[in-house]
Amino acid sequence: KNEVEQSPQNLTAQEGEFITINCSYSVGISALHWLQQHPGGGIVSLFMLSSGKKKHGRLIATINIQEKHSSLHITASHPRDSAVYICAVGGNQFYFGTGTSLTVIP
Amino acid sequence: DAGVIQSPRHEVTEMGQEVTLRCKPISGHNSLFWYRQTMMRGLELLIYFNNNVPIDDSGMPEDRFSAKMPNASFSTLKIQPSEPRDSAVYFCASSLDVGEQYFGPGTRLTVT
């Protein structure tokens, strides 16, 4: 059983669509991270959450500690949002989801 | 700030050789992380340091792997002897305490 489950694994959207990527985890954590990995391979940390909600530009991340669930939302999606989005949780150990591959079509 | 610096960016070596990967964290950050990414296993945390002290090395695959952080501005990950299954992209990241992590560009290692 994976400690971190992401869905969907793959997602194709039209430019402008609202996108949601989900992350569920089964371990106790101190923080949850959303990472973005572009086709070139570089990794950028988008958010680090321990509760509530954070917003950065068109990106919104929420976490529900009781339900052990987080969502990453992208509003008004754009082709440059095409990337792999990875959920990671940390506490005593650090666990990664397998990633969601997003393709936004013009 | 130049961000997290990793070297080399690419390394091709033969099985059995020693490989040393290097990382310079962002100045002022006191936590440093080494990750490995493969197609099969995705991203994995190998080891992390806080204030130059290894805190959790449970992700280090075996004794062939070792990591050091002799000072706040430099860390190495060494594989000796290297094996083909060590081929992966190795990322270093740094943060201030347990805050947001900043990733380096990675080192792509190929062991033939």
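The values are calculated or read from the model by the stated rules, or taken from the named source; none is laboratory data. Quantities reported herein were computed from a predicted structural model and do not represent experimental measurements. Positions of Cβ are backbone-derived with ideal geometry, glycine not excepted, and every protein chain shown enters the neighbour counts. Accessible surface areas use protein heavy atoms only, side chains included; no ligands, DNA or RNA. Shrake-Rupley method; radii C 1.70, N 1.55, O 1.52, S 1.80 Å.
Here B:M69 meets each of (1) open to solvent by less than 60 Å² (accessible area, probe 1.4 Å); (2) free of Cβ contacts under 8 Å to residues at least 12 places away in the same chain with one exception, condition (2). Considering each residue of the range B:46-64 in turn, none proves to be open to solvent by less than 50 Å² (accessible area, probe 1.4 Å), among the β-branched types (V, I, T) and more than 23 Å from A:H33 (Cβ to Cβ). One residue stands out among those in the range A:2-15 that are open to solvent by 50 Å² or more (accessible area, probe 1.4 Å) and part of a loop (DSSP other than H, G, I, E, B): the one that is nearest to A:V89 (Cα to Cα), which is A:E3. Total residues in the range A:24-51 satisfying the condition of being under 20 Å from B:D97 (Cβ atoms) and either part of a loop (DSSP other than H, G, I, E, B) or more than 10 Å from chain B (Cβ to nearest Cβ) (or both): the figure is 8. Scanning the range A:62-83 for residues that are in a strand (DSSP E or B) and within 13 Å of A:F18 (Cα to Cα), we see that the one that is most open to solvent (accessible area, probe 1.4 Å) is A:H73.
Scoring B:I26 on the criteria (1) free of Cβ contacts under 8 Å to residues at least 40 places away in the same chain; (2) more than 12 Å from the chain's Cα centre (by Cα); (3) at negative phi leaves a single failure, condition (1). Counting only residues that are under 12 Å from the mean Cα position of the chain (by Cα) and either loosely packed, with under 13 Cβ neighbours inside 10 Å or among the hydroxyl-bearing types (S, T, Y) (or both), the range B:29-45 holds 1 of them. Among the residues making up the range B:26-78, those that are outside any strand (DSSP E or B) and within 14 Å of chain A (Cβ to nearest Cβ) are B:I26, B:H29, B:M39, B:M40, B:R41, B:D57, B:S58, B:G59, B:M60.
Within the range B:91-111, is even one residue assigned to a strand (DSSP E or B), in contact with a helix residue (DSSP H, G or I) (Cβ under 7 Å, 6 or more places away or on another chain) and within 14 Å of chain A (Cβ to nearest Cβ)? Yes; the residues of the range B:91-111 include at least one that is assigned to a strand (DSSP E or B), in contact with a helix residue (DSSP H, G or I) (Cβ under 7 Å, 6 or more places away or on another chain) and within 14 Å of chain A (Cβ to nearest Cβ). In the range A:65-106, of all residues being within 14 Å of the chain's Cα centre (by Cα) and among the aliphatic types (A, V, I, L, M), the one that is farthest from the other protein chains (Cβ to nearest Cβ) corresponds to A:I74.
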